[in-house]
């Protein structure tokens with residue numbers, strides 16, 4: 001049986017006050033937003049590692065130099081990579097292509113905005129990618145997606161997409177149809193971008209790692 005080795009690529013920006021999750025700044029203090037963002041990164045890495053579907057890579061912007069990234073590398077024993085310049089599509093395609101060049105059988109690329117993403121979602125993505133689907137998407141309620149999984153790459157999936165807009169998912173579906181690829185969609189998720197998303201997070205509960213008075217933990 002062919003050895004199947006995949007990677008989960010986690011995209012993250014350097015946690016700098018006033019530079020991350022800027023749409024939350026209208027309702028939260030900058031340092032609170034920064035703490036939230038760090039905890040989202042930590043939570044995402046724990047989920048990725050807990051899925052146990054492949055190696056976990058943290059793709060950092062603008063570089064891997066931030067002390068927080070260095071701490072993540074040491075504590076979680078993961079590899080750090082630097083996102084290249086360019087729009088989101090260019091950076092995603094580069095990271096995915098790089099993983100395939102290094103011999104990965106499949107990749108799942110995720111951000112750090114979706115606390116409801118679970119290890120089971122990542123396992124389901126791997127299962128689909130190793131059983132005949134060329135792509136897997138986990139749609140987001142805002143019209144984008146929170147996960148894209150591939151067992152091959154093609155620039156058409158990432159060039160000319162209206163990143164950040166409400167049509168990202170639909171445009172990606174159209175590109176997949178054009179390529180003639182089979183793809184599977186996982187359950188729809190919501191992410192944290194706006195003040196109302198924080199209210200929803202509080203209503204749904206189960207995310208005590210985001211509480212304002214709880215210190216950040218680096219325990220995997």
Collect the residues in segment 75-104 that are in a loop (DSSP other than H, G, I, E, B), within 17 Å of the chain's Cα centre (by Cα) and buried (at least 16 other Cβ atoms within 10 Å of the Cβ), keeping them in residue-number order.
-> 78, 83
From 143, 178, which residue is part of a helix (DSSP H, G or I) and either over 15 Å from the mean Cα position of the chain (by Cα) or surrounded by 14 or more Cβ atoms within 10 Å (Cβ to Cβ) (or both)?
-> 178
Output for segment 39-57, where each listed residue is under 13 Å from the mean Cα position of the chain (by Cα), surrounded by 21 or more Cβ atoms within 10 Å (Cβ to Cβ) and in a helix (DSSP H, G or I) = 40, 41, 42, 44, 45, 47, 48
Residue 131 passes all but one of (1) in contact (Cβ under 8 Å) with a residue 24 or more places away in the chain; (2) in a loop (DSSP other than H, G, I, E, B); (3) surrounded by fewer than 18 Cβ atoms within 10 Å (Cβ to Cβ); which number fails?
-> (1)
If residue 116 satisfies every condition in (1) surrounded by fewer than 21 Cβ atoms within 10 Å (Cβ to Cβ); (2) in a strand (DSSP E or B); (3) within 13 Å of the chain's Cα centre (by Cα) but one, which is the exception?
-> (2)
Under the condition of being assigned to a helix (DSSP H, G or I) and out of contact with any helix residue (DSSP H, G or I) (no Cβ under 9 Å at 6 or more places or on another chain), which residue from segment 1-34 is surrounded by the fewest Cβ atoms within 10 Å (Cβ to Cβ)?
-> 31
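Can you tell which of 72, 60 is assigned to a helix (DSSP H, G or I) and in contact with a strand residue (DSSP E or B) (Cβ under 9 Å, 6 or more places away or on another chain)?
Values: 60 fails: assigned to a helix (DSSP H, G or I).
Criteria check complete, one pass: 72.
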Regarding residue 108, is this residue at pLDDT 95 or above and more than 18 Å from residue 48 (Cβ to Cβ)?
-> no
Could you tell me whether segment 155-168 includes any residue that is touching a residue at least 40 places away in the same chain (Cβ under 8 Å), buried (at least 21 other Cβ atoms within 10 Å of the Cβ) and assigned to a strand (DSSP E or B)?
-> no
Considering only segment 181-220, state which residues are modelled with pLDDT of 85 or more and in a loop (DSSP other than H, G, I, E, B).
-> 181, 182, 186, 187, 188, 190, 191, 192, 193, 194
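The values are calculated or read from the model by the stated rules, or taken from the named source; none is laboratory data. This structure is a prediction, so every number in the text was calculated from the model and none was measured. Quick reminder, even Gly has a Cβ in these numbers, built from the backbone with ideal geometry, and neighbours come from all protein chains shown.
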